[in-house]
Amino acid sequence: MSTTAGAFIAGGIAACGAVTVTHSFETVKIRLQLQGELQNKNQAVKMYKGPLHGIKVILQNEGPRGLFRGIGSAYIYQVLLNGCRLGFYEPIRANLTNAIYKDPKVQSLGANVVAGAASGVIGAAAGSPFFLVKTRLQSYSPFLPVGTQHNYKNSFDGLSKIYKSEGIRGIYRGVDAAMIRTSFGSAVQLPTYFFAKRRLTRHLGMKEGPALHLASSAASGFVVCCCMHPPVCHLEHGAICSSLTFFALDTIMARMYNQTGNLYGGVFDCLLKTIRTEGPLAIYKGFFAHLARILPHTILTLSLAEQTNKLMRRVENRILPDSFREGI
């Protein structure tokens, strides 16, 4: 097992690899979520009609650069978010189970879910400023603009302009929605991955390696997708409500990060204004683009994290003394 710092670095590197593949769908998703913002649905013009149409339109008008707007911010955000999620999950889980059961090796579903949610909250808070800039860079288009437009040169130019005009509060705009949203996803994603890994090893005899990591991450990605977007006819009302809440937070988060001034007073104000003006289905804007992104992103992040963790352990074994590694 890598040290906490090693797991942080390994998780960040893995997430950067994943986001390179999925960033274009994230760009389309954000533009779909901002499209027709606070406009009557009968009057709003649909410039992006879906994920594939969105990719086609952006490529035609802006080229590949348009699809990869904000990729630099995305890399920094992924390092902070997933570095915290994957780096802090195991220490939080071990300390929690040790406090409750007096044994850090005990696998408790409740403790695993809490550890996943807690590590996700830490990551969301740490990466929020870069998600803010990423969202604004991705929403910007000189050809087919949607939502408020922010023309920043890069991440640090954006942060500088936001700080000068809105102060530190502006830098952390939308962090509450991000923390709640990420806690939902992390509470499901990481415990499911490690649960699937243990079961596949125990019942199917799979050995540690890329095949096990791929199968476990695919199972985790599937469960995450089901929790975010469940088939309504097969779920109880509580599960439906939690799913709607999760996806609503994703849409609300994009709008709160992209706003200028105080268009929205908070998470619930943004949610109410969106539903009143655009109808309840407005929170599902970008639904299919989100699905196209989240499944491969989960699989790639978790699969790559295992490989980068192995590499990090080798590095640590060479440079860190045994006493230091055993004490962490």
Carbon/sulfur accessible area of the chain, % of total, 1.4 Å probe, equals 65 percent
Where does each of 261-272, 184-195, 124-135 land if you order them by average Cβ count within 10 Å, highest first? 124-135, 184-195, 261-272
Surface accessible to a 1.4 Å probe, Thr4 within the full protein complex, Å²: 50 Å²
DSSP loop (so not H, G, I, E, B), at most 11 other Cβ within 10 Å: list which GluC sites (Glu not before Pro) in the range 15-83 pass both filters. none
Rounded to whole Hz and in sequence order, give me ³J(HN,Hα) for the range 148-165 from the Karplus expression 6.51 cos²θ - 1.76 cosθ + 1.60, θ = phi - 60°, writing x for Gly and Pro. 5, 9, 10, 9, 9, 6, 6, 4, 6, 5, x, 4, 5, 5, 5, 5, 5, 8
Just to be sure I understand the model, the point goes 7 Å from the Cα along the line to the Cβ. What's the resulting Leu38 to Asp103 distance in nm? 5.7 nm
The range 122-146-the range 174-210 distance, computed between alpha-carbon centres (Å): 26 Å
Residue-by-residue Karplus 3J(HN,Hα) for the range 88-105, coefficients 6.51, -1.76, 1.60, Hz, glycine and proline x: 9, 4, 5, x, 5, 4, 5, 5, 5, 5, 5, 5, 8, 10, 6, 8, x, 8
The range 18-76 and the range 78-107 have their Cα centres apart by a whole-number Å value of 35 Å
Give me the accessible area per residue for the range 15-69, probe 1.4 Å, as a whole number in Å². 48 Å²
Listed highest first by mean packing, meaning other Cβ atoms within 10 Å per residue, what order do 216-223, 313-320 come in? 216-223, 313-320
Convert 10 °C to kelvin, take the viscosity as 1.306 mPa s, use the Kirkwood radius over C-alpha pairs of the chain as Rh, and evaluate the Stokes-Einstein diffusion coefficient in µm²/s, rounded to a whole number. 77 µm²/s
Å³ per residue of the Cα convex hull, for the range 146-218? 160 Å³
Read phi for every residue in the range 179-195 and hand back ³J(HN,Hα) as whole Hz from Karplus 6.51 cos²θ - 1.76 cosθ + 1.60, θ = phi - 60°, with x for Gly and Pro. 5, 5, 4, 5, 5, 4, x, 5, 5, 9, 5, 5, x, 5, 4, 6, 5
For a protection proxy built on the mean count of beta-carbon atoms within 10 angstrom, sort 301-307, 274-280 highest first, please. 301-307, 274-280
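The values are calculated or read from the model by the stated rules, or taken from the named source; none is laboratory data. Not measured: the values here are computed from a predicted model. Don't worry about glycine lacking a Cβ; one is built from the backbone with ideal geometry, like all the others, and counts go over all protein chains shown. When the accessible area is computed, the model is the full protein with side chains, heavy atoms only, and any ligands, DNA or RNA have been set aside. Shrake-Rupley method; radii C 1.70, N 1.55, O 1.52, S 1.80 Å.
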